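Written out below as structure tokens is the structure these notes cover.
Quick note: the coordinates plus some simple rules give every number you see, no bench work behind them. Just so it is clear, the model here is predicted, and its values are computed rather than measured. We place every Cβ from the backbone using ideal geometry, glycine too, and count neighbours over all the protein chains shown.
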Amino acid sequence: MLSGQFGENIMTIGSLKRLLILCGLCWLIISCGDTIEQADTGAAAPSNLTQEEQDWQAITELIHEAVIRWSYGDKGALYDLEYEYVRDQYTFDEYLQVPQIRYVNADTVLDINVLNIRMFNRDSAIARIEVLFQGPSGKISKDYDNYPLYFHNGRWLRPTVGIPSIQNDYDKLIRQADSAAAAEAEEE
């Protein structure tokens, strides 16, 4: 019984590594404050970067933020990267019960590195990523995957549940509703 109480308060090596990664990211955010502030305020990105370089930077930041939040158990990082129709269809609590989300776990993920991004007319992209895992023995291993990303409403998304064609239909319905509301307001 005592060991259980004390065991909950002891920081594991994995937790310490995550804390160090988080501290490093905080230092990076503080040292690059001007760039981060421009992104947060919606100001234009520096003109010396091409659109593709800006997208690369945005996608890399998006993936790194999501993996840090996710590794600490914050599945809100996944919800934030979903399409609008998913966030309108499911409350966050309902979203957490969707099987793809309920059973997904990042407790062994240390980091995700973006190796390459292939852009498709700026509406979508595929990021080739390297995932660093730490096994129970402490051994670090790597795996590689492709992450599809979609540009929607001025930002990049990495949906886990959402489907682009359903969002397109949803957008069409919203445009029709807006058009009908505008026509009705015009008649009054």
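A few comments on the model shown:
- In this structure, ARG122 and ASP143 have a Cβ-Cβ separation that, at R0 = 25 Å, corresponds to a calculated FRET efficiency of about 0.35.
- Near-label residues of the stretch 150-177 by backbone N, under 14 Å of a point 7 Å along Cα→Cβ of GLU94: none
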